[in-house]
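The values are calculated or read from the model by the stated rules, or taken from the named source; none is laboratory data. Just so you know, these numbers come straight off a predicted model, no measurement behind them. Positions of Cβ are backbone-derived with ideal geometry, glycine not excepted, and every protein chain shown enters the neighbour counts. The accessibility values were calculated without ligands, DNA or RNA, using every heavy atom of the protein model including side chains. Shrake-Rupley method; radii C 1.70, N 1.55, O 1.52, S 1.80 Å.
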Amino acid sequence: MTSLRPALHLALRYLRRHPVQTCLLAGTLSLLLSLPLVLRLLLRQTEAQLHQRAESTPLVLGTRASALDLVLSALHFRLPPPPPITLGDVQTAARTGLATVIPLHLGHHTLGAPIVGTELDYFTRRQLRLAQGKTFLRLGDCVLGAALARERGLAPGDALISSPTQAFDLAGAYPLKMRVTGILAPSGTPDDYAAFVDLKTAWLIDGLAHGHDDLTTAPADQILAQKDGNIIGNASVRLYNEVTAQNVSSFHFHGDFKSYPLTAALVFPHDAKSDALLSGRYQDQKAHPTLQLVAPVEWIRSLMATLFRLERLILILLLATGCAGLLIITLVFTLSFRLRQREFQTLADLGIAPRALLTVKLVEILSILLAAALLTALTLPLAHAAAPHLVRLSLR
């Protein structure tokens, strides 16, 4: 009985008789093989998504703080956002005539998704198109990303409410009930997981505007004072938390629009010369002490260089862990064969040659290695399919 077939038969019968032990060994080996490969796959997918988003945005204007936080907030809507700039800062950049400047307002969320205040040019620059409905038409309207609408089961005509920034902020603005007017087509970008509103709606959520009952017809007990034709109501005046066709005219803003806050602005220079001129202007800290103009690609490269250095360290640790795992598995096989010594002695008494018994042991080991390789081969395509979604979730 020196041929391979009887040895294979005995080895497979033993493995089938002990399925838990076989699955544990194969699964452990597969995990040791898969972890470094999946880690590298996730890092490559992260690099691809970050670079794709950064390359589509030449410059970002924001406050002079952490440039990387500014880039991640403006491109991936990471919360909390950096300190704000003003609408006047964005208008100043636009008046240079060197670029198209698209403002962004972040900081609020709804249903766990960021609310992005912006202009219609944003959809054009990002090549986003509507799959259903229309863009925001009036104050209080919003357009949803495809993934957000799908996960929450929302469609045009539905409503959603902005989440309060602080749960017990009694002096803050009321949560705003927004009307969904449109759903964007899937784009495979962070835009799929966001709710878009116009800037005035974002400022309304900030509490910089409000609508209330007509004070000219209000009862006397709701009037606090009248001066120079202005009527001041008291706390009993009802404030609206939803914009409708009937009350939209009652909403009004206070203060100078130029001082209203924005998170950042996406800057699209008209050509390479305009890019150089704009970058040079904002490098002068005396002229712009609180503002900076950054190129997202440069900062994403810096971030990825750091991640790749960490990857090498993690791979070294995984290699050490893998070696330890292999030693433990070797010990398991050794102890298993020792505990089965009486079984092997019985087979020897039946006339099976020592060489055939050695072949049985080798076939058992190779069978488990083959099972581990098959599990790894099945895991990698699944990881490859899930990686884009996992990376997008991690960047939210």
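Computed values, structure above
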item: Any hit, segment 297-309, residues being closer than 30 Å to Ala26 by Cα, aliphatic (A, V, I, L, M) and under 24 Å from the mean Cα position of the chain (by Cα); result: no
item: Contacts under 9 angstrom Cβ, first residue in segment 3-15 being closer than 12 Å to Lys361 by Cα, partner open to solvent by 70 Å² or more (accessible area, probe 1.4 Å) and at pLDDT below 70, 6 or more apart; result: Ala7/Met1
item: Odd one out for Ile352 among (1) modelled with pLDDT under 75; (2) in a helix (DSSP H, G or I); result: (2)
item: Phe337 vs. criteria more than 23 Å from Leu33 (Cβ to Cβ), open to solvent by less than 70 Å² (accessible area, probe 1.4 Å) and either at pLDDT below 75 or not acidic (Asp, Glu) (or both); result: yes
item: Flag for Thr63 being open to solvent by less than 40 Å² (accessible area, probe 1.4 Å) and in contact (Cβ under 8 Å) with a residue 24 or more places away in the chain; result: yes
item: Filter pass, Thr96 being open to solvent by 20 Å² or more (accessible area, probe 1.4 Å), in contact (Cβ under 8 Å) with a residue 24 or more places away in the chain and among the hydroxyl-bearing types (Ser, Thr, Tyr); result: yes
item: Cross-chain or 6+ apart pairs with Cβ under 8 Å, segment 266-286 first and within 14 Å of Val101 (Cβ to Cβ), then open to solvent by 70 Å² or more (accessible area, probe 1.4 Å) and assigned to a helix (DSSP H, G or I); result: Leu266/Arg125; Phe268/Arg125
item: Among (1) of a type outside the set (Phe, Trp, Tyr); (2) within 30 Å of Thr379 (Cβ to Cβ); (3) touching a Pro at 6+ places or on another chain (Cβ under 8 Å); (4) surrounded by fewer than 21 Cβ atoms within 10 Å (Cβ to Cβ) - the single one Arg53 does not satisfy; result: (4)
item: Verdict on Asp221 being at pLDDT below 80 and either open to solvent by 40 Å² or more (accessible area, probe 1.4 Å) or among the polar types (S, T, N, Q) (or both); result: yes
item: For Gln285: the one exception among (1) in a helix (DSSP H, G or I); (2) modelled with pLDDT under 80; result: (1)
item: Residue among Leu315, Leu293, Leu375, Leu369 that is touching a helix residue (DSSP H, G or I) at 6+ places or on another chain (Cβ under 7 Å), surrounded by 11 or more Cβ atoms within 10 Å (Cβ to Cβ) and under 30 Å from Leu262 (Cβ atoms); result: Leu293
item: Number of the exception - Gly117 against (1) within 24 Å of Leu59 (Cβ to Cβ); (2) out of contact with any helix residue (DSSP H, G or I) (no Cβ under 9 Å at 6 or more places or on another chain); result: (2)
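Conditions tested, residue by residue: (1) in contact (Cβ under 8 Å) with a residue 12 or more places away in the chain; (2) closer than 24 Å to Thr86 by Cβ; (3) aromatic (Phe, Trp, Tyr); (4) in contact with a strand residue (DSSP E or B) (Cβ under 6 Å, 6 or more places away or on another chain).
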site	(1), (2), (3), (4)
Thr118	yes, yes, no, yes
Leu128	yes, no, no, yes
Ala131	yes, no, no, yes
Phe136	yes, yes, yes, yes
Gly145	yes, no, no, yes
Glu151	no, no, no, no
Ala155	yes, no, no, no
Ala159	yes, no, no, yes
Ser163	yes, no, no, yes
